[in-house]
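The values are calculated or read from the model by the stated rules, or taken from the named source; none is laboratory data. Given the structure is predicted, the values throughout are model-derived calculations rather than measurements. When we count neighbours, we look across all protein chains shown, and the Cβ atoms used for this are built from the backbone with ideal geometry, even at glycine.
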There are 2 protein chains.
Amino acid sequence: MLTTLTRKERERQQREAKILQLARGMLRESGYLGLSMDRIAAEMEYSKGTIYQHFRNKEEIILALANEALEARIELFEQAATWPGNTRERISAIGAAAEEFVERYPHYFAVEQIVRSSSIWEKTSDERQQFMRSCEQRCMQIISGIVRDALAHGDLTMPKNRAPEDLVFGLWSLNFGSYIIMASSNSLGEVGIGDPVAALRDNQSFMLDGYGWRPFSHEADYPALMDRVRREVFSDE
Amino acid sequence: MLTTLTRKERERQQREAKILQLARGMLRESGYLGLSMDRIAAEMEYSKGTIYQHFRNKEEIILALANEALEARIELFEQAATWPGNTRERISAIGAAAEEFVERYPHYFAVEQIVRSSSIWEKTSDERQQFMRSCEQRCMQIISGIVRDALAHGDLTMPKNRAPEDLVFGLWSLNFGSYIIMASSNSLGEVGIGDPVAALRDNQSFMLDGYGWRPFSHEADYPALMDRVRREVFSDE
DNA sequence: GTCACAAAATGACAAGTTGTCAAAAATGGG
DNA sequence: CCCATTTTTGACAACTTGTCATTTTGTGAC
């Protein structure tokens, strides 16, 4: 009896994973409109009704994909935050984690873009919304924690009227904006941006330099550190 | 004959403007899915076929809205670029223009987000795509022009392996990312970001400081300058 | 084996979308 | 007034998503 229950449960989870896998593919292939419940059902060789027993609607599938990725991102960020070095090195490690995340979950930015598109968010369940918000907060906490450590250690002093979260907002928007532009602009080279990932690294560094976060980027080789973090922390699993 | 032609032409343009106006409203109200050709037709008291004579499809309407706004943005940026001051002041004036743009075209970021969503872009006409790309390039040129002036005047020296466009990419993504997040995150206050617009101003300034662009933000009152630019340059029309 | 009952899967449907196109209506020159 | 040309129309086809009565499947008791 126990075994049958778990077998069913296992089948259910497998099916759910398969749905998400198919959805990921469709989304990558042709965006929000390309994700079709009919086609998922057809490719799964199940009826539509069964798919709807897993996800109340299309938007739930998309949010589930986002949740999956965000959970993994927190994992990466937490690992990065424990890097044994000064605060400026630790914030660089977070940058490395962000790069790693983009490589492991290349579909995520497309998903987040869809979720942030009004009228999608509204259709999703409270639980998944809650989960997404909590992931966002958790991310914020991890990073602003490093900022606070830097303040405590005297590596950084906050400018007038600015909170640590304002700095995090800067890193966040710089990253988010850069990756969205990279993902959706097929001709960055033509406008003179040859290596956007390297440019992002530098822009982040210079922003932190501007805040006065020591040691400055000319005093250490942060790109090398980021490569090292990615090799040593994120190479396996 | 000439008069009848122009009258017709005038009516056509008025109708087109009305379509775009309605579309703007629907888009702001409820996003891409909320924009319905049927509803536009109904509210215009024209049949659907007539609407389709103006725009080949839904996506064309969205791109038309983007084009409208981008044209206006170039206007604003060009005005800002002529500000009579040092290069650092001129790049701040561009920041002021960007703020002004967001206030005048609050729907634009939602539109750009939709356009950047894959499978939307593909459905639009080459002409409008071309126009959008040329606007983007033009913007890039205006700003990288100021960067080059700064290099020529010795206000700034480019770091190793970086082109002026990489700096512009930084400002671009910082702005774009910040405004997208602001527009779609209804609870920034809860995560500790009280005044995101002020934070964006500072983050931009600090990034430019990090690049070593003189005079530094602690040597001048750039926020005050931006307020002044907005008052003196963008108050009328 | 078979019966009864619960659980799960089904697909026809309703209600919506976009985009088309033959037919109807308006227009304007002769 | 008439007729060629342009413009407008809305019924359609072809697609969505999401529902739910009906059918199928699974389980345990006898």
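A few comments on the model shown:
- Total residues in the stretch B:143-180, condition surrounded by fewer than 19 Cβ atoms within 10 Å (Cβ to Cβ), among the β-branched types (Val, Ile, Thr) and farther than 22 Å from A:Ala198 by Cα: 0
- Condition met for A:Asp209 (in contact with a Phe, Trp or Tyr (Cβ under 9 Å, 6 or more places away or on another chain), in the same structural domain as A:Arg73 (by TED's automatic domain parsing) and assigned to a loop (DSSP other than H, G, I, E, B)): no
- Listed conditions (1) within 15 Å of B:Ala81 (Cα to Cα); (2) at the interface with another protein chain (Cβ under 9 Å from one of its Cβ atoms) are all met by B:Glu165, apart from (1).
- Among the residues making up the stretch A:21-73, those that are among the polar types (S, T, N, Q) and at pLDDT 95 or above are A:Gln21, A:Ser36, A:Ser47, A:Thr50, A:Gln53, A:Asn57, A:Asn67.
- Residue, farthest from B:Arg116 (Cα to Cα), within the stretch B:18-71, restricted to residues that are of a type in the set (S, T, N, Q) and within 16 Å of DNA strand D (Cβ to nearest atom): B:Ser47
- All of B:Asp155, B:Asp149 fail the test of being away from chain A (no Cβ under 11 Å), modelled with pLDDT of 95 or more and part of a helix (DSSP H, G or I), apart from B:Asp149.
- Test for B:Arg15: is it of a type in the set (Lys, Arg) and more than 9 Å from DNA strand C (Cβ to nearest atom): yes
- One residue stands out among those in the stretch B:117-131 that are farther than 11 Å from B:Ile62 by Cα and at the interface with chain A (Cβ under 8 Å from one of its Cβ atoms): the one that is nearest to the chain's Cα centre (by Cα), which is B:Ser117.
- Residue list for the stretch B:176-190, restricted to those being more than 7 Å from chain A (Cβ to nearest Cβ) and closer than 27 Å to B:Thr87 by Cα: B:Tyr179
- For A:Ile193, the conditions (1) at the interface with another protein chain (Cβ under 8 Å from one of its Cβ atoms); (2) part of a helix (DSSP H, G or I) are fulfilled apart from (2).
- Unmet requirement for B:Arg228, which otherwise passes all of (1) closer than 27 Å to A:Val168 by Cβ; (2) modelled with pLDDT of 95 or more: (1)
- Cross-chain or 6+ apart pairs with Cβ under 9 Å, the stretch B:27-49 first and under 20 Å from B:Phe109 (Cα atoms) and away from every other protein chain (no Cβ under 14 Å), then more than 6 Å from DNA strand C (Cβ to nearest atom) and part of a helix (DSSP H, G or I): none
- Of all residues in the stretch B:82-97, those that are at negative phi have Cβ atoms under 6 Å from Cβ atoms of residues that are among the small types (Gly, Ala, Ser) and surrounded by 24 or more Cβ atoms within 10 Å (Cβ to Cβ), 6 or more apart or on another chain, in B:Trp83/B:Ala93; B:Thr87/B:Ala150; B:Ala93/B:Ala80; B:Ile94/B:Ala80; B:Ala97/B:Ala80.
- For the residues A:Glu190, A:Glu219, the requirement of being farther than 25 Å from A:Ser117 by Cβ, at pLDDT below 95 and either outside the structural domain of A:Pro159 (by TED's automatic domain parsing) or over 23 Å from the mean Cα position of the chain (by Cα) (or both) singles out A:Glu190.
- Near pairs, Cβ below 6 angstrom, 6+ apart or cross-chain, from the stretch B:204-221 (within 8 Å of chain A (Cβ to nearest Cβ) and surrounded by fewer than 24 Cβ atoms within 10 Å (Cβ to Cβ)) to any residue that is assigned to a loop (DSSP other than H, G, I, E, B) and modelled with pLDDT of 95 or more: B:Asp209/B:Phe216; B:Asp209/B:Ser217
- In the stretch B:5-15, the condition of being within 16 Å of DNA strand D (Cβ to nearest atom) and within 14 Å of chain A (Cβ to nearest Cβ) is met by no residue.
- Qualifying positions in the stretch A:222-237 - hydrophobic (A, V, I, L, M, F, W, C) and surrounded by 18 or more Cβ atoms within 10 Å (Cβ to Cβ): A:Leu225, A:Met226, A:Val229, A:Phe234
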